[in-house]
Amino acid sequence: MSDNPARALAFVAADTSEARQAARKLAVLYGQCQPAEADVIVALGGDGFMLQTLRETMSTGKRVYGMNRGTIGFLMNEYEETGLRERIGLAIPETIRPLEMQAVHMDGTVMKALAINEVSLLRQSFQAAKLRITVDGKVRLDELVCDGVMVATPAGSTAYNLSAHGPILPLDSPLLALTPVSPFRPRRWRGALLPNDSTVVFDVLEADKRPVNAVADHTEAKSVISVTIAESRSSTATLLFDVDHSWSERILSEQFRY
């Protein structure tokens, strides 16, 4: 349960008329301050906007309470205009750590980026990607032929990872999901669960013939030859969830949907 009252609120909105209208209405009801001065930032939109807000507030200590004014909203609370301060005061905080991606391009340059959901490698052309997977210095898969592969956080396990038939992870689980996308060889390999302190390295085999891009959430590195992924030890973000609609409850509900 959140132990700090939400006195000063900053309402931020996705670039949609529905989200902007909600932000204006809530600012009139509860007041508006700058995000840097807020006790809590209220994000209005969908999961994509929540990810953007979390990236912008990463490691600032700001708590983010989302309300769904978008299309998906798995990271968001239900939209309700009344009793907002009370809801925030009772909300359950969940602290998440992003993944750190270090991607090496074919010319030797390196791109670094953070991912709250997942880091994915995807084939760039009509030919399947061919990858070698190393975990904590030990080669675990000499050759994976696939459309792609990803490492997903618990927060991201219900996003792209789930659509690729990866496992759903509770937010507080000390795990990462390693999930292939359309694996061709080995055909029956369905991925792995890794401790969250693991370091995963993907080496791109036949990079000239089978080019691969790496994506950390929305940051893309083109034509990579190697990608190293590890959970950040220094960066954090904190989300607030309503007591009656907690992350744990959403995870359970998602697993029993049909």
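FYI, it's all coordinate maths here, none of it is from the lab. It should be emphasised that the depicted structure is a prediction, and the values quoted were computed from it without experimental measurement. Neighbour counts are summed over all protein chains in view; Cβ atoms, including those assigned to glycine, are modelled from backbone coordinates with ideal geometry.
Residue by residue through segment 204-220, what is 3J(HN,Hα) from phi via Karplus (6.51 cos²θ - 1.76 cosθ + 1.60, θ = phi - 60°)? Round to whole Hz and write x for glycine and proline.
8, 8, 6, 4, 5, 7, 10, x, 9, 9, 10, 10, 9, 6, 10, 9, 10
Can you list the residues, at least 5 places off or on another chain, whose amide H is less than 5 Å from the amide H of T219, using H built in the peptide plane?
none
With a/c under 1.5 counting as rounded, go ahead and sort segment 158-206 into rounded, prolate or oblate using the C-alpha gyration tensor (a ≥ b ≥ c being the square roots of the eigenvalues; past the cut-off, prolate if a/b is larger than b/c, else oblate).
Note, shape of segment 158-206 comes out oblate.
If I take every Cα pair under 8 Å that is 6 or more residues apart in segment 99-231, average their sequence separation and divide by the length, what percent do I get for the relative contact order?
Once normalised by length, the contact order is 33 percent.
Which order do peptides 173-182, 132-141 fall in by mean Cβ count within 10 Å, highest first?
Going by the mean number of other Cβ atoms within 10 Å, highest first, we get 173-182, 132-141.
Pairing the Cα long axis of helix 17-30 with the longest principal axis of the chain, what angle in degrees results, from 0 to 90 and rounded to the nearest 10?
The helix 17-30 is inclined about 40 degrees to the chain.
Suppose we keep just the alpha-carbon trace of segment 70-155; what are its Rg and Dmax in angstrom?
Here Rg and the maximum Cα pair distance are 19.3, 56 Å.
Output ³J(HN,Hα) for segment 221-235: one whole-Hz value per residue in order, computed from phi by the Karplus curve 6.51 cos²θ - 1.76 cosθ + 1.60 with θ = phi - 60°, and x for Gly and Pro.
So the J values, rounded to whole Hz, are 10, 8, 6, 9, 10, 7, 9, 10, 10, 8, 5, 5, 8, 10, 9.
Mind telling me which of F202, F126, F241 comes out most flexible in a GNM of the chain, alpha-carbon contacts under 10 Å?
Result: F126 has the largest fluctuation of those listed.
Any lysines with Cα under 29 Å of the K138 Cα? List them, leaving off those in the same chain fewer than 8 positions away.
Qualifying lysines at Cα under 29 Å: K112, K130, K209, K222.
Which ³J(HN,Hα) values, rounded to whole Hz and listed in residue order, are derived for segment 157-166 from phi using the Karplus coefficients 6.51, -1.76 and 1.60 in 6.51 cos²θ - 1.76 cosθ + 1.60 with θ = phi - 60°, glycine and proline given as x?
With coefficients 6.51, -1.76 and 1.60, one gets 5, 9, 9, 4, 4, 5, 5, 8, 6, x Hz.
Name the long-range amide H neighbours of M106: under 5 Å, sequence gap of 5 or more, or other chain; modelled H, no Pro or chain starts.
I225
At 0.36 nm per residue, and after removing the present C-alpha to C-alpha distance, how many nm does the segment from E86 to F126 gain when stretched out fully?
Full-extension gain reported as 9.1 nm.
In degrees, nearest 10, range 0 to 90: what is the angle between the Cα axis of helix 47-56 and the longest Cα principal axis of the chain?
90 degrees
Loop-only trypsin sites (Lys or Arg not before Pro) in segment 151-258, please: DSSP not H, G, I, E or B, and at most 15 other Cβ atoms within 10 Å.
R187, R188, R190, K209, K222, R233, R257
Identify the GluC sites (Glu not before Pro) of segment 74-138 meeting these criteria: DSSP loop state and at most 15 other C-beta atoms within 10 Å of the C-beta.
Loop-located and lightly packed - E78, E80, E81.
If you put +1 on each Lys and Arg Cβ and -1 on each Asp and Glu Cβ, how big is the dipole of the chain around its Cα centre, in Debye rounded to 20?
Dipole of the chain, to the nearest 20 debye: 580 debye.
Just tell me which lysines come within less than 29 Å, Cα to Cα, of K25; anything on the same chain fewer than 8 places away is out.
Partners within reach: K62.
Rounded, prolate or oblate: which one fits segment 107-201, using the alpha carbon gyration tensor with axes a ≥ b ≥ c (rounded when a/c is under 1.5, else prolate when a/b beats b/c, else oblate)?
It comes out rounded by the Cα gyration axes.
Sequence-distant or interchain residues sharing an amide H contact under 5 Å with A13, placed H: which?
For A13, the qualifying residues are L44.
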